[in-house]
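The structure appears below as structure tokens.
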Amino acid sequence: MDFELTEQQVAIDEGVRRVCAGFDDAYWTECDENAKSPKEYYRAMADGGWLGMTMPEQKARWLKPLIEGKQKACFGVTEPDAGLDTTSLTTSPARTNSGYRLNGRKMWTSTGQVADKILLLTRTTPKAECKRPTDGMTLFYTDLDRSKIEVRRICKMGRNAVDSNAVFIDDLFLPDKDRVGEEGKGFKYILDSLNPKRVLVASEAIGVGRDALRYSVRQRPRRVRPANWAEPGHPAPLGRVLGAAGVRFLDGAAGGVAIRRRPAAWRRRGERRQAAGRPRRVLNGDAGGDDAWRHGICAGVSGG
């Protein structure tokens, strides 16, 4: 199999890199720490023509504003009581003469704080009445009407530049023109987005890993080994960092890591575990040997 990029793929790669080069670590750190949407980055990607690269064919009134960056959309699929079983979602619109009335909840909806539109997957036919679980689901693309839709931000420990939300829908009117395709075939349509997304997420993970490795290599010359570190070549002054944070060490010292041999009783316990075919406990990356206990890290870390 040939893994070399084609000329077109190389051009895409170079074009995206040129846009991304204008947004350094400081920009993304600010966005994440302040839970700030990266609107400047979004605008730059739109101006570069990159927002339409993976969009499916849709009606002009939906597609054009998205590609131009004039509108943002969020994705309402996951529900609190359905989890990964998308076919068990219960948000169900009631049919009216000119459309539908919708009540329900969605969970982990990304970019709901800044979105103008929402793509909603609903169930228009009860699952029990369908031949297949994936039947009876209908897709809508409609205005995110905040008088009918409450979007509550979910607090996270990271990735805060992209907000995640719980969404509460109360008597939202969905006109027939906002239905995507035929009623009952929404799950089939949604796969056109979900399947490529798997590849996209995998590519993102590879990119993040490569960038983390490059960053680590660049930072290597700046690292300083503390004078009291027992093992030569350790990449970071862990003792100094933990000590500054007020962490108490096994020997009662702070600001450094002292050499401390593993007690004989613990050593014998590890030998018994090994003789019984059970793995020996590991600390500091050494499988059960004395070196695994040479650095007394924090009181309470040791295991039996």
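The one condition from (1) farther than 18 Å from Arg153 by Cα; (2) at pLDDT 95 or above that Ala128 does not meet is (2).
Any residue in the stretch 155-165 that is closer than 19 Å to Cys74 by Cβ, in contact with a Ser or Thr (Cβ under 7 Å, 6 or more places away or on another chain), hydrophobic (A, V, I, L, M, F, W, C) and modelled with pLDDT of 95 or more? No, that holds for no residue. Of the strands (runs of 3 or more DSSP E) lying entirely inside the stretch 123-195, not one carries at least 1 residues that are crowded, with 16+ Cβ neighbours inside 10 Å and on the phi > 0 side of the Ramachandran plot. Arg198 meets each of the listed conditions (1) of a type in the set (Lys, Arg); (2) under 20 Å from the mean Cα position of the chain (by Cα); (3) surrounded by 10 or more Cβ atoms within 10 Å (Cβ to Cβ) apart from (3). Of all residues in the stretch 100-122 being outside any loop (DSSP other than H, G, I, E, B) and among the aliphatic types (A, V, I, L, M), which is nearest to Asp81 (Cα to Cα)? Restricting to residues being outside any loop (DSSP other than H, G, I, E, B) and among the aliphatic types (A, V, I, L, M), the top hit is Met107. Of all residues in the stretch 1-18, those that are under 18 Å from Tyr42 (Cα atoms) have Cβ atoms under 7 Å from Cβ atoms of residues that are not in a helix (DSSP H, G or I), 6 or more apart or on another chain, in Asp13/Leu5; Gly15/Gly48; Val16/Trp50. The single condition from (1) closer than 23 Å to Lys197 by Cα; (2) in contact with a Ser or Thr (Cβ under 9 Å, 6 or more places away or on another chain) that Met45 fails is (2).
Looking only at the stretch 1-23, filter to residues that are of a type in the set (Gly, Ala, Ser) and closer than 20 Å to Arg159 by Cα; which one of those is surrounded by the most Cβ atoms within 10 Å (Cβ to Cβ)? Let's see the steps before the verdict.
Our first condition is that a residue be of a type in the set (Gly, Ala, Ser); within the stretch 1-23, this holds for 11, 15, 21-22.
Adding the requirement that they be closer than 20 Å to Arg159 by Cα leaves 21-22.
Working: Ala21: 8, Gly22: 10.
Among those residues, the one meeting the criterion is Gly22.
Check Ala26, Ala46, Ala82 and return the single one that is part of a helix (DSSP H, G or I), of a type in the set (A, V, I, L, M) and surrounded by 12 or more Cβ atoms within 10 Å (Cβ to Cβ). I'd like the intermediate steps shown before the answer.
On the way: Ala26 fails: surrounded by 12 or more Cβ atoms within 10 Å (Cβ to Cβ); Ala82 fails: part of a helix (DSSP H, G or I).
Checking each option against the conditions leaves just Ala46.
The values are calculated or read from the model by the stated rules, or taken from the named source; none is laboratory data. Because the structure is a prediction, the values reported are computed rather than measured. With ideal geometry, Cβ positions are generated from the backbone for all residues, glycine too; neighbour counts draw on all protein chains shown.
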